[in-house]
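Asker: Just passing along the structure, written as C-alpha cells.
The values are calculated or read from the model by the stated rules, or taken from the named source; none is laboratory data. For clarity, every value in this text was computed on a predicted model and none was experimentally measured. Please note: Cβ atoms are built from the backbone with ideal geometry, for glycine as well, and neighbour counts cover all protein chains shown. Remember, those area values only see protein heavy atoms, side chains included, never the ligands or the DNA or RNA. Shrake-Rupley method; radii C 1.70, N 1.55, O 1.52, S 1.80 Å.
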Amino acid sequence: MRSLPATLPILFLSEISFLLGHGLIMTLLGVRMSLEGFPSQMAGLLMSSFSLGFVIGSYLIEKRIRSVGHIRVFAACAAVLAVTAMLHGLWVDPWAWLVWRLFGGAATAGLLMVMESWVSGESTNDNRGRVLGWYLVISTSSLAVGQWLLNVADPATFVLFSVSGILFTLSLVPLSIYRIHGPTRSSHEVSSKISLRELYRRAPVGLVGAFTAGLMVQSFFAMTPYYGQEIGLSTSQTAQFMAITTLVALVAQWTLGRISDRLDRRKVILCMALVMAVSGAMISVAARFDFWVLLVVACFHTAMLHTLYSLSLSHTNDWLEPEETIQANAKLLIWYGIGSVVGPYSASVIMEVTGPDGLWLFLGGAALALAMFVMVRLYSYKGVSPEVEQEPYVAAVPMVESTHYLSEMDPRFEPQQFELDFEPSYEDDWAAYDNSEPRPEAEEEAQF
C-alpha cells in the first residue's frame, strides 16, 4: 500500500464503507423477498430494475464527473444510496422496491465510475494490474463482510436497512475531511470522448468481457438466495455460502492481477472463462452430495467470476490515452449494466423451466460463449492486420489554458526570441535574388 499514490488509500477507505453497505443490502433484499412471499421471478425483475438504473446512471453521471469532478459526484451518489436503502424498509412493496432499485442502480453506477476512473487515472501500464488488484481485493472483502452482516439482526425488521444506510453515509467521511484532488491522469478537466466503435476496435475482449461479467455477476447475486432455498439451505447457510464464495476471489484477484501484468490479458481471460464453464457444469452434480462439496466447487467458479470485470477493465485501459479513461470506463459500465439487465431475468426464466440447477447452467453457458469469442479473437483472424501495440504509458503534462506555457514546459522546444523590423531594407531583400536582374531603383535612375 505504501507504493500507491497518496490519494488511493483515502479512496479505498470510502470504498470499504460503500461496499459493506452494498454487500449487505444485495443479500438482504433476496432474503426479505422470500420472507414477504414475493413471487419468485420478482428477484430477477428487481435486479433487472437495478441494472436498468445502472445503465442510465453510467450514461448520465459520466457527464457530471466531467462537469463538477469526482469527489462531488461521489458525495451525491452516496447520499442517494443511503436514502434508497432506508426507503426499502419504510415501504415494503415489490413495485415500490422497483423504483428504489432503479435509483439505487444509478447511484451505484456513479460511485463505481468515480472509483474505477480514479484508480485507472492514478496507475500506469506497468502497475495497473497490481493497483487494480488492491482495488478488487478491498472490494471483494468488503462485499463478503457486508453479507456476513446479515446475521447481525433479524432480516424481517427495519434494522438491517438502517445499517446499510449508515454505511453508505459513512463512505462520505474520508473524502470530505482530507484535502485531496481527483485522479491526475484522468482528470475531468482533460477528458475526451471515445466512440463505442473505436473502443471495440481497440479492445473487443474488454468490452465483451464487461458485458459477460454483468450478465453473470448480477445473476449470481440475484438468484443464488433463491437457489439456496430451493435446494434446502437455511438462511444462515445462504449467507455463509454468499460470503465464502465471494471471499475466495481475493486470492484469484491478486494472483491474476499480477499474472496479467506479465502475460497477454486476453489469454488470462480465456483461461478464466474455461474454468467457469467447467465448474458451472460440475456444481449441479456437487449440490447432490453435501453442502461443503457444493461450496468447494462453487468457489472455483466465483473466484473467476468476481475477477472477470477487473481484468476486462485492465485490458481496456491498456489501449487508452489518459484523457479517454472516464469516457471508456463509462461505456464499459454501460455494457456491464446491459448484461446486468439481461442476466438476472434470463436466469430466473431458465430456473423456472429446468429447476434450480438452471442457474449454474446459465452461468456456465455464458462463460463458454465468452471463451469461444476470446479464442476467435486470438487465433482465427488470419490475414487480418494485427492490432498495433500501444506505446508505453507516459505521464502527461497537465492541460493548461495556453499552448505558450505548454511549449515552455516541453523540453523539445527551445526558447526563441523574435524581433520585428519595421524599417525595410531593399539592399538586404534584393541580395537574395539573381544579381543579373536590375533593381527597381536602378531602372528609375536610368530613366532620369
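For (1) at pLDDT 85 or above; (2) in a helix (DSSP H, G or I), each residue gets a yes or a no:
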{"site": "Ser162", "(1), (2)": "yes, yes"}
{"site": "Gly206", "(1), (2)": "yes, yes"}
{"site": "Leu215", "(1), (2)": "yes, yes"}
{"site": "Gln218", "(1), (2)": "no, yes"}
{"site": "Gly228", "(1), (2)": "no, yes"}
{"site": "Phe241", "(1), (2)": "yes, yes"}
{"site": "Arg262", "(1), (2)": "no, no"}
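Asker: Still on this structure: Could you give me the residue pairs with C-beta distances under 9 Å whose first residue belongs to the range 347-375 and is among the aromatic types (Phe, Trp, Tyr), whose second residue is not in a helix (DSSP H, G or I) wherever it lies, and which are 6+ apart or on separate chains?
Answerer: The qualifying pairs are Trp360/Ala287.
Residues checked against (1) open to solvent by 10 Å² or more (accessible area, probe 1.4 Å); (2) among the β-branched types (Val, Ile, Thr):
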residue: Gly209; (1), (2): no, no
residue: Val217; (1), (2): yes, yes
residue: Gln229; (1), (2): yes, no
residue: Ala239; (1), (2): no, no
residue: Met242; (1), (2): no, no
residue: Leu250; (1), (2): yes, no
residue: Trp254; (1), (2): yes, no
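Asker: Taking Ile71 as the residue in question, decide whether it is of a type in the set (A, V, I, L, M) and open to solvent by 30 Å² or more (accessible area, probe 1.4 Å).
Answerer: Details: of a type in the set (A, V, I, L, M): yes; open to solvent by 30 Å² or more (accessible area, probe 1.4 Å): yes.
Answer is yes for this residue.
Asker: Also, quick follow-up: Picking from Ala107, Ala43, Ala82, Ala76, which residue would you name as being over 26 Å from Leu359 (Cβ atoms), small (Gly, Ala, Ser), over 18 Å from the mean Cα position of the chain (by Cα) and open to solvent by less than 10 Å² (accessible area, probe 1.4 Å)? Before you say what the answer is, go through the steps one by one.
Answerer: Numbers: Ala107 fails: over 18 Å from the mean Cα position of the chain (by Cα); Ala43 fails: over 26 Å from Leu359 (Cβ atoms); Ala76 fails: open to solvent by less than 10 Å² (accessible area, probe 1.4 Å).
Exactly one of Ala107, Ala43, Ala82, Ala76 is over 26 Å from Leu359 (Cβ atoms), small (Gly, Ala, Ser), over 18 Å from the mean Cα position of the chain (by Cα) and open to solvent by less than 10 Å² (accessible area, probe 1.4 Å), namely Ala82.
Conditions (1) under 22 Å from Thr316 (Cβ atoms); (2) aliphatic (A, V, I, L, M), marked per residue:
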residue: His70; (1), (2): yes, no
residue: Ala76; (1), (2): no, yes
residue: Val83; (1), (2): no, yes
residue: Val92; (1), (2): no, yes
residue: Arg101; (1), (2): no, no
residue: Ser123; (1), (2): yes, no
residue: Arg130; (1), (2): yes, no
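Asker: Name the pairs: first residue in the range 51-79 and more than 26 Å from Ala222 (Cβ to Cβ), second residue acidic (Asp, Glu) and in a helix (DSSP H, G or I), Cβ to Cβ under 9 Å, at least 6 apart or on different chains?
Answerer: Filtered contacts from the range 51-79: Arg66/Glu189; Gly69/Glu189.
Asker: Could you check the range 9-29 and list, in sequence order, the residues that are open to solvent by 10 Å² or more (accessible area, probe 1.4 Å) and not hydrophobic (A, V, I, L, M, F, W, C)?
Answerer: Pro9, Ser17, His22
Asker: Residues being under 24 Å from Leu274 (Cβ atoms), part of a helix (DSSP H, G or I) and open to solvent by 20 Å² or more (accessible area, probe 1.4 Å): count how many of those fall in the range 300-337.
Answerer: Count: 5.
Asker: May I pose another question? Is there a residue in the range 60-82 that is in a helix (DSSP H, G or I) and under 30 Å from Glu230 (Cα atoms)? Let's see the steps before the verdict.
Answerer: Here is the first cut: in the range 60-82, the ones in a helix (DSSP H, G or I) are 60-68, 70-82.
Subset that is under 30 Å from Glu230 (Cα atoms): none.
Checked against the condition, which is being in a helix (DSSP H, G or I) and under 30 Å from Glu230 (Cα atoms), the range 60-82 yields no hits at all.
Asker: Residue check: is Val68 in contact with a Phe, Trp or Tyr (Cβ under 9 Å, 6 or more places away or on another chain) and aliphatic (A, V, I, L, M)? It would help to see each step written out before you state the result.
Answerer: On the way: in contact with a Phe, Trp or Tyr (Cβ under 9 Å, 6 or more places away or on another chain): no; aliphatic (A, V, I, L, M): yes.
No, not satisfied.
Asker: What's the number of the only condition in (1) over 21 Å from Leu13 (Cβ atoms); (2) open to solvent by less than 10 Å² (accessible area, probe 1.4 Å); (3) not β-branched (Val, Ile, Thr) that Arg101 fails to meet?
Answerer: Exception for Arg101: condition (2).
Asker: While we're looking at this one, here's another question. Name the residues in the range 85-97 that are hydrophobic (A, V, I, L, M, F, W, C), open to solvent by less than 30 Å² (accessible area, probe 1.4 Å) and farther than 15 Å from Phe168 by Cβ, would you?
Answerer: Within the range 85-97, the first condition is being hydrophobic (A, V, I, L, M, F, W, C), and the residues that meet it are 85-87, 90-92, 95-97.
Imposing the further condition that a residue be open to solvent by less than 30 Å² (accessible area, probe 1.4 Å) reduces the set to 85, 96-97.
The answer is Ala96, Trp97.
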